[in-house]
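What follows draws every value from the coordinates through simple rules; no lab data is involved. Here the structure is a predicted model, which means the values were calculated and not measured. Ideal geometry is used to build each Cβ from the backbone, glycine not excepted, and the neighbour counts take in all protein chains shown.
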Amino acid sequence: MKKMSKRTIAAVAAAILLASSIVFGIEYNKERQGMEDYEGIEQLVELPSSVPDSTVTPSTEESTPEKPTDPYAISLAALDLSKLQEENEDIIAWIFIPDTRISYPIVQGTDNNYYLNHTWKHNPSPIGSIFLECQNSPDFKEYNTIVYGHNLVTNPAMFTGLRQYEDPEFWKEHPSVYILNQEGIYRYDIFAAYNTGVRTIVYGLSIAKDSLKEKVIQHAMDNTVIDTGIVPEITQNIVTLSTCTDSNAVDTRWVVQAVQQEFIPLSDFE
């Protein structure tokens with residue numbers, strides 16, 4: 001077999017580089033086009049642009065039907081989900097973590113594949129959507145509700161920001177998760193963040209037995225990389241926010257878990 005000349009090797013290398021650049025360019029454009037579906041979405045649903053900043057501490061006092069006191073909940077109550085549902089009936093809720101990029105509609109499909117690579121507008125894109133586990137009840141009233149989103153690594157959008165919960169200081173500044181649906185606003189306090197396998201009890205569904213709930217909590221306590229001092233009771237529902245690890249390990253995910261502390265019916269804001 002004849003040896004390739006230096007000129008031939010250089011030509012092959014140039015062709016490979018060109019092909020790689022084209023592929024990268026195509027993927028970048030798809031990601032960029034996907035991001036456009038989320039630009040201005042908060043204005044579309046009339047979420048105030050002046051949502052209280054992280055220096056505002058939500059009240060720990062119990063809200064009354066006459067006067068909710070949590071400033072973040074008050075702002076979210078102005079969001080009109082019905083406008084988004086006119087474009088996509090799969091939209092069931094909105095997730096919001098104050099003072100972060102995480103403020104997106106939550107969709108739920110008939111499987112967990114479609115919204116991995118489609119935006120809330122149904123446009124194909126590698127950024128996908130923030131979506132609810134297809135087997136979870138859409139009312140967030142199950143013991144463990146799982147919400148998925150991509151870790152884009154080099155792009156801070158979607159669930160990329162969840163990786164910041166490796167830092168205890170970040171958790172202290174962003175301790176709560178809010179989810180709005182047609183019934184009201186749920187406030188959850190984050191209690192754990194860690195890498196875990198996709199076949200662990202974290203991804204268990206229809207968990208009803210107290211013994212299994214205890215295993216979910218213990219798994220979180222054993223693996224969390226931050227010490228929040230919060231240990232959920234088995235009577236409290238939790239939400240599990242799931243994304244890829246930075247290494248994109250096939251069988252491992254990064255999860256941030258939060259326990260429900262409050263539910264404010266939308267009727268309380270009227």
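Under the classification rounded if a/c is under 1.5, otherwise prolate if a/b is larger than b/c and oblate if not, where does the range 135-261 fall, given a ≥ b ≥ c as square roots of the Cα gyration tensor eigenvalues? Rounded is the answer for the range 135-261, as its axis ratio a/c remains below 1.5.
In this rough spin-label picture, where each label sits 7 Å from Cα along the Cβ direction, the ARG101-VAL198 distance is 2.3 nm.
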